[in-house]
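No value in this document is a laboratory result; all are computed from the given coordinates. All values reported here derive from a predicted model rather than from experimental measurement. Backbone-built Cβ (ideal geometry, glycine too); neighbour counts: all protein chains shown.
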Amino acid sequence: MEKVVASQQGKIRVVLNPAAGTSTSDEVRAVVEQAFGSANRPYDIYETKPDDDLGSYLDQAKSEGDGLVIAAGGDGTVSLVASQLVGSGVPIGILPTGSANVLALELGLPQDLQEAMDIIAGEHQVHDLDLMHFGGRHYILQIGIGIDSLMVRDTSRKAKRVLGRLAYMVTLFTKFIGYRSRRFTILADGQRLRPRAWQIVVANAGTLGAPPFRWGPDISLNDGAVDICIFNVRTPFSYVRQIARVLLGQHKNDTHITYVRVQERVTIAADHSLPIQADGEIVHESPLQIDVVPRGAKVIVPLTNDSQD
């Protein structure tokens, strides 16, 4: 982490996803105005729309190199903003208004809108984030191929609004019916693997939906690497048992889970095409190629006890 800083100087740009589920656009606007309007800090708010050009909006932030960009939305919104700011040094503040907000949980950020804004507007630290480059964009959390991508694809927006993170679990258990493992070909920094698996996750963050559930024990957002998690049991009953072990945190020494650390590039192909989810959004069909981008973005996080001494 970088040194403790107060709220950045320069213009504040807010990227607001009005489709994110836990706060309305008016609520976000009110919190932003209360934090910055009364302090005479210049800001503007950009509401995202399908197929719009966020890059043009953020080009000025990159060229100025100061200020900050606030992402008000879910994990997909944050990764979209990070993708536009790679290497710029402009910090990203997070107002978590999505249905999952996995990155906020991983970073120790509050889920409450006002509390999250208090961290952005007050004293905080700036944390470096590694990124994953895939399909012309950068992603932060996980890229998955297997049953989790089917879960993401088939969980409706209505269900997410009503049930929040629970909506994904409901869909997940319906997908077990008739699901079978697949054969994959993996190249991990040149190492070739041919596992049969029901799920593969390329994880830059360990959190699985909500703490204390994690994909693996040693996955970090800023270690210059990603971890391939290969889940290779073969029967529906074994899927359920393995997921239970993951949820209970008992999978660290599971012989049916293989972890492979990658520092540069990983490619994954399935014998039969499957959808791919990246940071909670369906983005592509397999195969996929991911390049690791160490310290590609900066994000605002709470002060730690050590930083306040």
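So here's what we get for this one:
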{"quantity": "Cα Rg, Dmax (largest Cα-Cα span) when computed across the range 112-179, Å", "calculated": "16.8, 51"}
{"quantity": "Size of charge dipole - the chain - debye, nearest 20, with Cβ of Lys, Arg +1 and Asp, Glu -1, no other charges", "calculated": "1580 debye"}
{"quantity": "Using alpha carbons only: equivalent-ellipsoid semi-axes of the chain, gyration tensor based, whole Å", "calculated": "34, 20, 18"}
{"quantity": "Ranked LYS160, LYS49, LYS11, criterion: other C-beta atoms within 10 Å, fewest first", "calculated": "LYS49, LYS11, LYS160"}
{"quantity": "Residue with peak Gaussian network fluctuation, the chain [Cα springs, cutoff 10 Å], from ASP66, ASP51, ASP130", "calculated": "ASP51"}
{"quantity": "Kirkwood Rh and Cα Rg combined as Rg over Rh, evaluated for the range 33-168", "calculated": "0.96"}
{"quantity": "Estimated 222 nm signal from helices in the chain, with DSSP H stretches of n ≥ 4 weighted -39500 (n - 2.57), rounded to 500", "calculated": "-7500 deg cm²/dmol"}
{"quantity": "DSSP beta bridges in the chain [antiparallel fraction, %, rounded to 5]", "calculated": "75 percent"}
{"quantity": "Kyte-Doolittle mean at least -1.0, axial Cα span of 27 Å or more - DSSP H helices of the chain", "calculated": "none"}
{"quantity": "Net charge of Cβ neighbours under 10 Å - reference GLY206; Lys, Arg +1; Asp, Glu -1", "calculated": "-2"}
{"quantity": "Neighbourhood net charge (9 Å Cβ-Cβ; Lys/Arg +1, Asp/Glu -1) for LEU221", "calculated": "-4"}
{"quantity": "Sorted by Cβ neighbour density within 10 Å, fewest at the top, the residues LEU95, LEU54, LEU109", "calculated": "LEU54, LEU109, LEU95"}
